[in-house]
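What follows is a set of notes on a single structure, which appears directly below.
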Amino acid sequence: MKIGVLGIQGDVSEHVSAASNALQFYGVKGEVITVRKKEVLKDLDYLIIPGGESTTISRLMIRSGIYDEILRRVDEGMGVIGTCAGSILMAKEVVDDDRVTPLKLMDISVRRNFFGRQRESFETELEIKYLGKYHAVFIRAPVIEKCWGDCEVLATIGDNIAMARQEKHFALIFHPELTEDYRIYRLFLNLRE
Amino acid sequence: MPFHLDLENVRYGSELIKRGFAKMQKGGVIMDVTNAEQAQIAEDAGAVAVMALERVPADIRAAGGVARMADPLKIQEIMDAVSIPVMAKVRIGHIEEARALEALGVDMIDESEVLTPADPFFHIDKREFTVPFVCGCRNLGEAVRRIWEGAAMIRTKGEAGTGNVIEAVRHIRLVNRAIEELKYMDDEKIHELAKNYAQSYAKLLLRVKELNGFEPVVGGDEPVFGHYTLNEIIEGLYKELQEIKRLQRLPVVNFAAGGVATPADAALMMQLGADGVFVGSGIFKSPNPEEMAKAIVEAVMHYDEPETVAEVSKGLKGMYGQEISQLSERLQERGW
């Protein structure tokens, strides 16, 4: 299995180590690489879009040609997992904000900086479908306001959605790479227990 | 939008949240801005955050006098203009400026030598705050002390407002080499180093003893910084040093700052191991800020591709640079 972490900006190395540790945890053979050029996307099974600044990642993704190449590779079957800023890029719709150009891979609408500024960032327990209790870290997090079509809600927070999936794609508004609970990668990578 | 979580076990302002925020800035450029218009230029160019100021460091240097926290009205104007995080500076040791900025809602506070220090003895105990802090350093000792005090991010001090990168290079090299040096030290030696690094916390008590006409000696169990005794601080620094030895890097995000003026300067600092770059005067003191801002963002992303650095540098003119030895005051000497 080959997993790429989009390396434009954000907590890239944390994602690379977390995904590598998850592969080891489940005894899956594979490698995790950093993607900073579009050519590197060619044989990936999964691409992880990390947390960072969605405006920055969005702009540089388009300028470097990575944006179009991701869409092409998705048509060939690559799964994409967007965390925090990455979840914004997964959405069909970004509410009240034209500063980000999303990949539109999932039938979700996302609102940026929903919880407020950094002082409103928090940690809490979530209930994730198929997993159970999960300690999640939210940093200037967006929120998934709506989910439609084939999209399945996997976790909620208050009246909103914290995690969803559609086919091979996932969007989550928290940071699985900052904690050491690798169970969530079983969902991402469609692994047996 | 204020949002109240109807959930139990919600934690704000933990070390994980504060350091996590800094990690989201990695691979990015944080730009100094003085108004809403500049903030939008920075956001449009792809900055990961902006530093809200009344004046950029080059102008602070030129103006002289006492440089304080920016007018909250100014900071608010910038917070309202952009969706990316907004940081702002407080004077070294000025707990109340920091409280005010935290209340205002800035996303990160820079306890900065660019402003005039407020406390001759201590930096802020940053663990007491919900908002994360970034602090400057010239060497590993300063970095470790700031991290122990709770800084979620470290940056080189460099020499702000000069457009001269030599001091930023000096500081990152000094930190990196000192981290490597830890590999060759056993536990006892690292404990001795922690003891050396802890001495700067004893300054106030030493001065008091001296003024009282007693021998200026501080014992390990005497409180020297808030309720912390010298021994507690030594143990704290020792733990940090052991972690740094194991990781072979700082345990928090480490940015370059202080004199970065061109795309090549930014790429150089990334090559030397910086996680990202602050650009102060380098953008809005250059003849074409929009182009300079975009070029530095691209150079940081593609720092290991010389063709890209060459391409984005074409036709760009950097700010006027100053020779360090000609300066009347070196801002990096503020703080300890």
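Worth pointing out:
- Residue in region B:255-267 that is within 30 Å of B:Asp186 (Cβ to Cβ) and crowded, with 24+ Cβ neighbours inside 10 Å present: no
- Exclusive hit being touching a residue at least 60 places away in the same chain (Cβ under 8 Å) and touching a strand residue (DSSP E or B) at 6+ places or on another chain (Cβ under 8 Å), set B:Val82, B:Val29: B:Val29
- Qualifying residues in region A:57-94 (those that are within 11 Å of chain B (Cβ to nearest Cβ) and surrounded by fewer than 17 Cβ atoms within 10 Å (Cβ to Cβ)) - the one farthest from A:Arg112 (Cα to Cα): A:Arg63
A quick yes/no check of all residues on (1) in contact with an Asp or Glu (Cβ under 9 Å, 6 or more places away or on another chain); (2) within 14 Å of chain A (Cβ to nearest Cβ):
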| site | (1), (2) |
| --- | --- |
| B:Ile17 | yes, yes |
| B:Ala22 | yes, yes |
| B:Thr34 | yes, no |
| B:Val48 | yes, yes |
| B:Glu54 | yes, no |
| B:Ala58 | no, no |
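- Residue match in region B:45-56 (condition: closer than 23 Å to B:Val279 by Cβ, in contact (Cβ under 8 Å) with a residue 24 or more places away in the chain and either open to solvent by 50 Å² or more (accessible area, probe 1.4 Å) or out of contact with any strand residue (DSSP E or B) (no Cβ under 9 Å at 6 or more places or on another chain) (or both)): no
- Filter pass, A:Glu39 being open to solvent by 40 Å² or more (accessible area, probe 1.4 Å), within 14 Å of chain B (Cβ to nearest Cβ), of a type outside the set (A, V, I, L, M, F, W, C) and farther than 26 Å from B:Ile84 by Cβ: yes
- Of all the listed residues (B:Gln242, B:Gln199), the sole one being within 21 Å of B:Cys137 (Cα to Cα), touching an Asp or Glu at 6+ places or on another chain (Cβ under 9 Å) and open to solvent by 30 Å² or more (accessible area, probe 1.4 Å) is B:Gln242.
- Within the span defined as region B:66-79, one or more residues are facing chain A (nearest Cβ under 10 Å) and either at pLDDT 95 or above or under 17 Å from the mean Cα position of the chain (by Cα) (or both).
- Candidates in region A:97-116 are the residues that are farther than 17 Å from A:Asn160 by Cα and within 11 Å of chain B (Cβ to nearest Cβ); of these, the one that is surrounded by the fewest Cβ atoms within 10 Å (Cβ to Cβ) is A:Asp98.
- The listed residue being in contact with a Gly (Cβ under 8 Å, 6 or more places away or on another chain), part of a helix (DSSP H, G or I), over 20 Å from B:Asp110 (Cα atoms) and of a type in the set (A, V, I, L, M, F, W, C), out of B:Met319, B:Met292: B:Met292
The values are calculated or read from the model by the stated rules, or taken from the named source; none is laboratory data. Quick caveat: nothing in here was measured; it's all calculated off a predicted structure. All Cβ positions, glycine included, derive from the backbone under ideal geometry; neighbour counts span all protein chains shown. Keep in mind that these areas ignore ligands, DNA and RNA; they rest on the heavy atoms of the full protein, side chains included. Shrake-Rupley method; radii C 1.70, N 1.55, O 1.52, S 1.80 Å.
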